[in-house]
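To start, the structure itself, in structure tokens.
The values are calculated or read from the model by the stated rules, or taken from the named source; none is laboratory data. Every value quoted in this text rests on a predicted model; they were computed, and no experiment measured them. Backbone-built Cβ (ideal geometry, glycine too); neighbour counts: all protein chains shown. Just so you know, the surface numbers come from the protein's heavy atoms only, side chains and all, with ligands and any DNA or RNA stripped out. Shrake-Rupley method; radii C 1.70, N 1.55, O 1.52, S 1.80 Å.
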Amino acid sequence: MMVKRLIDLLQKAIIKNKEMIALNKNNNDWNNVYKKQVEKENRNYKKIITALSDSKSRNFITDLEIIDKLLEINNVSEENRNDIYQFILKYNKKVYDYKIGNCSIKDLELLGENDISKLKKLFTKYGYDFDKLPSKIQEVIVDKASINNIKEVFETLLNNNYKLNIEKDAYLLMSLLIGSNKSTISKISKLAFSKGLTSDEVLTIGGILIEQSKNKVRSNKLYERFNIENVIDDGPRVVGSEEDFEKNVKELGKWGISVRYIYDRCKYVLICSNEVLSHNLSLFQDYGFSLKTKNNKLCFSTLSALLKYNTVEIIDRFIEVHPFGLEYLKNNLSILRQVSSLEDLVFYKLYYSNKNFGSEAAFIKIVNNNLSQLALQGKVSGLSSTYYNAYANINEDSKYIITNIFIPTYSRDYYSLIKNKISNDISATIFDNKYIQCVNRYSDYKEPLLYDFDGIRISKLKVLRIFDTLLKVGVEANDESFLYALLYNTMISRDDFVKISKMVKLEG
Amino acid sequence: MEFLKEFGITDEVIYRIEVNNDKALVFSFICSKDNVRKNIEYFESIGIEVIELLLIYRLEIFLIDYEILVKSFESFQVPTLVQLINEDINAVNLL
């Protein structure tokens, strides 16, 4: 409507200008000053009309001052003016998309109000009632989708037996219509179905049917990749996971894990960042955390933990800080989703609880299906609404003082030598090192991840990793460097520090 | 994510949900608003007090089909399970 109004105003303005030129045909003074200006104005008006009328126009509309002046002269209301500017912005965005290779000329075909009935008919043809969509979603589709792509997406969804519920799946439907295309849907459907997923199941992770990054880079390398999230900056969010899904399927296959297994226990692993998944799978393998469960779990903890980038430091800290830390971690790897920092208060509370009240105090033992499992006491987890931060007055300001943790000092700044060089690739030769061989007698016979120095628990992988790194950077293997590796990031009291120092002393 | 404000969830919590979760998971969450609403209402009805923490740290729980989730809860002593979850959100791993 607004577009038609604007075109009308422009056409009237052109006629008025022509009348003015005709009226002043013999007026040399007027012609010398105004004729060229008025002719130029008319050319600009015609340019705008062409852009507005031709749905495949590839020219930007830049004469906003002219349009603004025209709207003001004709007393167009504020609201209507805003609608016109909105349309022009959308139009220019589409042209920009086309120019950077982000959409085809077919996609330039913007929907105007005249096309709403066409759109509704299209929906009906494929069994969907456009009017049942929430109005905001209708607006987005009209605003951002092209008729041609809608047709192709609907056709491809039909061919692959996808049936969306117009009310329940409104957001997903909108996302597919504006963010997907027939080739992505076809390709991913083929892959998903080949891995045993049904069309209904694919829709529960529908983002996999949406292109992840619009990276049609043209030969002119000035054009950058354009992620669909950037396109809709103030509108709805549409996130494609097509690439990550493909890579994750491959990755899981390498580890012998089926898509079906993951889908049934934590389907979102299939759409998480492949970089994160890849890293976590390696990490969990190093620590022996199994991805398999015999039980049918609604939300399997270990798979849940794959959804966030995890670090060895946090895992090592759980292993060391409490006698039940490792057991709790194995059954609740999902705790890694919550704890991102070695400074998290949960570590200080676990340490304090164990030191002052014994190993049982921090946990609740649950027996379920003849299996015993641990849960953290709310006062220690710090996540309980009742006990948040209240336990033993341990908070950010008091945690060091209350726990009285000892920070050892060494003759060298070992950390500066190894930071950014620590790797999980541990050399085979480290196992021949006399210090490692010496402390083997402290290996916990029940738990291969632990050394137990008379109650002081140390993560074995940590020691191997840090000590190996120190030797690789040229640090001499001696009592001090080994002690540093042993106690790297360990929460320890002064007394325990003295005790363990004596236990690992090899020199004089 | 604005629909979460119907449940008194603040902008700050919504921000933490977005920051703590993969954007693909957040997108799936937005696509499943109806199911999420039902699950939140269910959690409120059984006395779970840590809904915000579950949203921030275990967002995928809310995407479990409502009927399956309820059935799973009801295979336990619900009040006991709720108490455990209120102490440690990882108790949902029992489901």
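Worth a mention:
- Taken over the range A:261-298, the residue count meeting the criterion of being in contact with a Ser or Thr (Cβ under 8 Å, 6 or more places away or on another chain), closer than 15 Å to A:ASN332 by Cα and not small (Gly, Ala, Ser) is 7.
- Looking only at residues in the range A:285-329 that are open to solvent by less than 10 Å² (accessible area, probe 1.4 Å) and under 21 Å from the mean Cα position of the chain (by Cα), the one that is nearest to the other protein chains (Cβ to nearest Cβ) is A:SER301.
- Within the range B:43-54, the residues that satisfy the criterion of being in contact (Cβ under 8 Å) with a residue 12 or more places away in the chain, buried (at least 16 other Cβ atoms within 10 Å of the Cβ) and either more than 12 Å from chain A (Cβ to nearest Cβ) or of a type outside the set (Asp, Glu) (or both) are B:ILE48, B:VAL50, B:ILE51, B:LEU53, B:LEU54.
- Just so you know, in the range B:55-67 the residues that are more than 7 Å from every other protein chain (Cβ to nearest Cβ) and in a helix (DSSP H, G or I) include one that is farthest from B:ILE17 (Cα to Cα), and it is B:GLU67.
- Residue within the range B:73-80 that is surrounded by 14 or more Cβ atoms within 10 Å (Cβ to Cβ), in contact with a strand residue (DSSP E or B) (Cβ under 9 Å, 6 or more places away or on another chain), within 11 Å of chain A (Cβ to nearest Cβ) and among the hydrophobic types (A, V, I, L, M, F, W, C) present: yes
- So A:LEU281, is it hydrophobic (A, V, I, L, M, F, W, C) and either within 13 Å of chain B (Cβ to nearest Cβ) or under 14 Å from A:LEU449 (Cα atoms) (or both): no
- Among the residues of the range A:354-374, the one identified as of a type in the set (Gly, Ala, Ser), without any contact (Cβ under 8 Å) to a residue 40 or more places away in the chain and touching a helix residue (DSSP H, G or I) at 6+ places or on another chain (Cβ under 6 Å) is A:ALA361.
Quick grid of which residues meet (1) under 18 Å from A:LYS90 (Cβ atoms); (2) charged (D, E, K, R); (3) open to solvent by less than 100 Å² (accessible area, probe 1.4 Å); (4) in a helix (DSSP H, G or I):
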site	(1), (2), (3), (4)
A:TYR34	no, no, no, yes
A:GLN37	no, no, no, yes
A:ILE48	yes, no, yes, yes
A:ALA51	yes, no, yes, yes
A:ARG58	yes, yes, no, no
A:GLU65	no, yes, no, yes
A:LEU71	yes, no, yes, yes
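- The range A:146-185, residues that are part of a helix (DSSP H, G or I), open to solvent by 10 Å² or more (accessible area, probe 1.4 Å) and within 20 Å of B:SER28 (Cα to Cα): A:TYR171, A:ILE178
- Selection from the range A:265-278 of residues that are more than 9 Å from chain B (Cβ to nearest Cβ) and surrounded by fewer than 20 Cβ atoms within 10 Å (Cβ to Cβ): A:ASN274, A:GLU275, A:SER278
Yes/no per residue for (1) at negative phi; (2) at pLDDT 95 or above; (3) in a helix (DSSP H, G or I):
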{"position": "A:LYS446", "(1), (2), (3)": "yes, no, no"}
{"position": "A:ILE458", "(1), (2), (3)": "yes, yes, no"}
{"position": "A:LEU461", "(1), (2), (3)": "yes, yes, yes"}
{"position": "A:ARG465", "(1), (2), (3)": "yes, yes, yes"}
{"position": "A:LEU470", "(1), (2), (3)": "yes, yes, yes"}
{"position": "A:MET491", "(1), (2), (3)": "yes, yes, no"}
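- Test result for A:ASN230, more than 23 Å from B:ASN35 (Cα to Cα), assigned to a helix (DSSP H, G or I), modelled with pLDDT of 95 or more and within 14 Å of chain B (Cβ to nearest Cβ): no
- Failed item in (1) touching a strand residue (DSSP E or B) at 6+ places or on another chain (Cβ under 8 Å); (2) in contact (Cβ under 8 Å) with a residue 60 or more places away in the chain; (3) part of a helix (DSSP H, G or I), with A:GLU327 passing the rest: (2)
- Pairs where the first residue, in the range A:80-102, is within 9 Å of A:PHE60 (Cα to Cα) and the second is open to solvent by 40 Å² or more (accessible area, probe 1.4 Å) and modelled with pLDDT of 80 or more, C-beta under 6 Å, 6+ apart: A:ASN92/A:PHE60; A:VAL95/A:PHE60
- Within the set B:ASN90, B:ASN39, B:ASN35, the sole residue that is of a type outside the set (Gly, Ala, Ser) and either more than 10 Å from chain A (Cβ to nearest Cβ) or more than 14 Å from the chain's Cα centre (by Cα) (or both) turns out to be B:ASN39.
- Test: residue in the range A:277-292 that is in contact (Cβ under 8 Å) with a residue 40 or more places away in the chain, over 24 Å from A:ARG465 (Cβ atoms) and out of contact with any Lys or Arg (no Cβ under 9 Å at 6 or more places or on another chain): no
- Applying a threshold of 7 Å to beta carbon distances and a minimum spacing of six or more residues, or different chains, the list of pairs starting in the range A:14-43 at a residue that is within 20 Å of A:ASN74 (Cα to Cα) and ending at one that is surrounded by 12 or more Cβ atoms within 10 Å (Cβ to Cβ) and of a type in the set (Phe, Trp, Tyr) reads A:ILE14/A:TYR45.
- Check on A:LYS355, out of contact with any Lys or Arg (no Cβ under 9 Å at 6 or more places or on another chain), away from every other protein chain (no Cβ under 13 Å), among the charged types (D, E, K, R) and part of a helix (DSSP H, G or I): yes
- Selection of the range A:483-503 for residues being touching a residue at least 40 places away in the same chain (Cβ under 8 Å) and more than 17 Å from A:ARG465 (Cβ to Cβ) yields A:MET491, A:ILE492, A:SER493, A:ARG494, A:ASP496, A:PHE497, A:LYS499, A:ILE500, A:MET503.
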